[in-house]
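See below for the structure under consideration.
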Amino acid sequence: GENVEQHPSTLSVQEGDSAVIKCTYSDSASNYFPWYKQELGKRPQLIIDIRSNVGEKKDQRIAVTLNKTAKHFSLHITETQPEDSAVYFCAASTNTGNQFYFGTGTSLTVIP
Amino acid sequence: GAVVSQHPSWVICKSGTSVKIECRSLDFQATTMFWYRQFPKQSLMLMATSNEGSKATYEQGVEKDKFLINHASLTLSTLTVTSAHPEDSSFYICSARDIQLYTDTQYFGPGTRLTVL
């Protein structure tokens, strides 16, 4: 089955700096890669996603890049703000079954 | 739109009892719902895929007789933890896909915190 690895597990940045979180996946059939933000005790919220036919996608301060050949994708947050502090999860999915396999999570702290 | 609810939000039970958790899609139909388990400060572990009108598909290592899943309608899936023990204490989260949107996006419920004494 799919194995998703995520790094780093914790990340601290100064407010205004950029944050980058990286994930790798093992199943070459995976073709959908969402990123979720989860605040303490709350449900995961989708923040951005990318399909395998696209190399990069951007939404305001958030961007995701995908390298299918290397089987890795990354989340980029620019101009970080304290409210960006949360745990971020990457996931990978295929058309078959549509199960999401999540990475281990990155706890992001933005220091004011 | 795309709201998923769970009930109860938290439950405390005695060891040996069974607990049922409901997952509902409030404003859309979901042929497929997913059940996850999350330990403190850890990732979401997929337990099973719940398909409306058919048997659930369980991930490797998840006991199907322990975690009973029923998906009787397009808006409701239930997870029953049978003969619960303290090691079953965890945060259980469901998610659902909106079949109308033709998208892979999953919308998550708020989770149910189960504590088994």
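The numbers here are math on the coordinates, done by the rules we state, and not lab data. Just so it is clear, the structure is predicted and the values come from calculations on it, not from any experiment. In this analysis, Cβ positions are derived from the backbone assuming ideal geometry, glycine residues included, and neighbour counts consider all displayed protein chains.
Report whether or not A:V13 is within 11 Å of the chain's Cα centre (by Cα), part of a strand (DSSP E or B) and either farther than 15 Å from A:F102 by Cβ or within 14 Å of chain B (Cβ to nearest Cβ) (or both). Against the criterion (within 11 Å of the chain's Cα centre (by Cα), part of a strand (DSSP E or B) and either farther than 15 Å from A:F102 by Cβ or within 14 Å of chain B (Cβ to nearest Cβ) (or both)), A:V13 does not qualify. Residues of segment B:57-67 that are on the phi < 0 side of the Ramachandran plot and more than 10 Å from the chain's Cα centre (by Cα): B:T57, B:Y58, B:E59, B:Q60, B:V62, B:E63, B:K64, B:D65, B:K66.
Residues of segment B:43-84 that are touching a Cys at 6+ places or on another chain (Cβ under 8 Å) and either outside any strand (DSSP E or B) or surrounded by fewer than 16 Cβ atoms within 10 Å (Cβ to Cβ) (or both): B:A84 alone. For segment B:14-42, give me each residue that is surrounded by 21 or more Cβ atoms within 10 Å (Cβ to Cβ) and not in a strand (DSSP E or B). Result: B:A30, single match. When we screen A:F73, A:F33 for residues that are surrounded by 19 or more Cβ atoms within 10 Å (Cβ to Cβ) and within 17 Å of B:S95 (Cβ to Cβ), the only hit is A:F33.
Scanning segment A:70-109 for residues that are part of a loop (DSSP other than H, G, I, E, B) and among the hydrophobic types (A, V, I, L, M, F, W, C), which turns out farthest from the other protein chains (Cβ to nearest Cβ)? Applying the filter and picking the extreme gives A:A70.
Criterion first (surrounded by 13 or more Cβ atoms within 10 Å (Cβ to Cβ) and either more than 11 Å from chain B (Cβ to nearest Cβ) or touching a residue at least 12 places away in the same chain (Cβ under 8 Å) (or both)) does A:D59 satisfy it? Taking the combined requirement at face value, the residue does not satisfy it.
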